[in-house]
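Report on the structure given below.
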Amino acid sequence: MRLLNLFFRVALVGMLAGCNALTECENIKPREAILLIDVTDKQLFEDIEADLKANLPTFMAKTGLGNIAPCESFTLTLVPISAKEGLQATSETIAINRKGQSYQAEKQQASPAPLVNLLKGQLTEFKALTENDDLTSGSSIANVMIKALTHANLEAETTLIIFSDMIENNQYLNMYRHIPATEELSEVVPQLIDPLVLEEFQARQREGLDANIIIVCKDSPNKKVNARQRDVKSFWAGLLGEMKLHNIQFMDNLTNIN
């Protein structure tokens, strides 16, 4: 009888261990999307906000960006672009950490509700930022972009989406006055991007950092600049190329996705 009891105990332990091996994910495959949103102009922000509210759900569905399966996670990060070079990031993550769960359990864990709540809350906060003269006095797109990428998860498939008119306007570069040509880019990069930030970014690239970059290039409130939007896109494509970032896509709004 003792041997029989011992057998059942050993068998029970084995069954529990087997169940655990079947249900617990040994590794979670992460994906992330980092949204940089320009708050330097009220009109520009209103255009961006309208695009996000109307088209982001369809964009996410078409790209499958936020869809997760068992043993996968997805993180959404929102960052404002302003006259400040600092990185102010807010994130939310959804994940399915176990295999073999019921459909209802997986559906609940994969729900985008936390991401939607994050977006709604941050858009409200970002709208208030457009009233702050210190934040709307210029724009620092390049430094914020590179800082955001530097803080990306090396293990994740990262997509960076920038919503802006892409007009850099600070003490290092005023694109309202001059949009640098391709031959000027090698000199522009070390001036435009903080050398320490650039050094850290390059170190992370050597560790494997890479990203898909989507630039949702909005019309500028400045009509003269809009007439040179091709030059603006060419500048950013060239600058990102200088930084060994080549997987770049431009669009006017989120409905342009293939």
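The values are calculated or read from the model by the stated rules, or taken from the named source; none is laboratory data. Source: prediction; values computed, not measured. Ideal geometry is used to build each Cβ from the backbone, glycine not excepted, and the neighbour counts take in all protein chains shown. Each accessible area value is taken on the protein alone, full model and side chains, heavy atoms only, with ligands, DNA and RNA left out. Shrake-Rupley method; radii C 1.70, N 1.55, O 1.52, S 1.80 Å.
Rundown of residues vs (1) assigned to a strand (DSSP E or B); (2) closer than 24 Å to residue 254 by Cα, yes/no style:
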site	(1), (2)
68	no, yes
76	yes, yes
83	no, no
108	no, no
116	no, yes
145	no, yes
148	no, yes
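Go through region 235-254 residue by residue and tally those that are of a type outside the set (A, V, I, L, M, F, W, C), open to solvent by 50 Å² or more (accessible area, probe 1.4 Å) and either part of a strand (DSSP E or B) or touching a Ser or Thr at 6+ places or on another chain (Cβ under 7 Å) (or both). Don't jump to the end; show me each part of the working.
Keep residues of region 235-254 that are of a type outside the set (A, V, I, L, M, F, W, C), which gives 238, 241-242, 244, 246-247, 249, 252-253.
Checking which are open to solvent by 50 Å² or more (accessible area, probe 1.4 Å) leaves us with 242, 244, 246-247, 249, 252.
Narrowing further to those that are either part of a strand (DSSP E or B) or touching a Ser or Thr at 6+ places or on another chain (Cβ under 7 Å) (or both): 242, 249.
Of the residues in region 235-254, 2 are of a type outside the set (A, V, I, L, M, F, W, C), open to solvent by 50 Å² or more (accessible area, probe 1.4 Å) and either part of a strand (DSSP E or B) or touching a Ser or Thr at 6+ places or on another chain (Cβ under 7 Å) (or both).
Quick check on residue 127: is it under 20 Å from residue 214 (Cα atoms), of a type in the set (Lys, Arg) and either surrounded by 13 or more Cβ atoms within 10 Å (Cβ to Cβ) or touching a His at 6+ places or on another chain (Cβ under 9 Å) (or both)?
Spelling it out, it is not the case that residue 127 is under 20 Å from residue 214 (Cα atoms), of a type in the set (Lys, Arg) and either surrounded by 13 or more Cβ atoms within 10 Å (Cβ to Cβ) or touching a His at 6+ places or on another chain (Cβ under 9 Å) (or both).
For region 211-224, name all the residues that are in contact with a Leu (Cβ under 9 Å, 6 or more places away or on another chain) and surrounded by fewer than 16 Cβ atoms within 10 Å (Cβ to Cβ).
219, 221
For residue 203, indicate whether it is of a type outside the set (D, E, K, R), surrounded by 15 or more Cβ atoms within 10 Å (Cβ to Cβ), in a helix (DSSP H, G or I) and within 21 Å of the chain's Cα centre (by Cα).
On the way: of a type outside the set (D, E, K, R): yes; surrounded by 15 or more Cβ atoms within 10 Å (Cβ to Cβ): no; in a helix (DSSP H, G or I): yes; within 21 Å of the chain's Cα centre (by Cα): yes.
In short, no.
Out of the residues in region 57-115 that are of a type in the set (Lys, Arg) and surrounded by 15 or more Cβ atoms within 10 Å (Cβ to Cβ), which is farthest from the chain's Cα centre (by Cα)?
Step one: of region 57-115, the residues of a type in the set (Lys, Arg) are 62, 84, 98-99, 107.
If we keep only those that are surrounded by 15 or more Cβ atoms within 10 Å (Cβ to Cβ) too, we end up with 84, 98-99.
Working: 84: 18, 98: 26, 99: 27 Å.
Residue satisfying both the conditions and the ranking: 99.
Mind listing whichever residues of region 150-175 are part of a loop (DSSP other than H, G, I, E, B), farther than 12 Å from residue 81 by Cα and in contact (Cβ under 8 Å) with a residue 40 or more places away in the chain?
Step one: of region 150-175, the residues part of a loop (DSSP other than H, G, I, E, B) are 151-156, 165-168, 170-173, 175.
Within this subset, residues satisfying the condition of being farther than 12 Å from residue 81 by Cα are 151-156, 170-173, 175.
Passing the criteria: 151, 152, 153, 154, 155, 156, 170, 175.
Kindly list, by first and then second residue, each pair from a residue in region 66-89 that is of a type in the set (Asp, Glu) to a residue that is open to solvent by less than 20 Å² (accessible area, probe 1.4 Å) and part of a loop (DSSP other than H, G, I, E, B), limited to pairs with Cβ atoms under 8 Å and residues at least 6 apart or on different chains.
The qualifying pairs are 85/140.
So, of the residues in region 4-51 that are at pLDDT below 95 and of a type in the set (Asp, Glu), which turns out to be least open to solvent (accessible area, probe 1.4 Å)?
Taking the candidates together, the pick is 24.
On the basis of being at pLDDT 95 or above, more than 19 Å from residue 161 (Cα to Cα) and not in a strand (DSSP E or B), does residue 101 make the cut?
no
Go over the candidates 135, 119 one by one and state the one that is under 18 Å from the mean Cα position of the chain (by Cα), at pLDDT 95 or above, surrounded by 13 or more Cβ atoms within 10 Å (Cβ to Cβ) and of a type outside the set (Gly, Ala, Ser).
It is 119.
Among the residues of region 178-189, is any in a helix (DSSP H, G or I) and hydroxyl-bearing (Ser, Thr, Tyr)?
Yes, the conditions are met somewhere in region 178-189.
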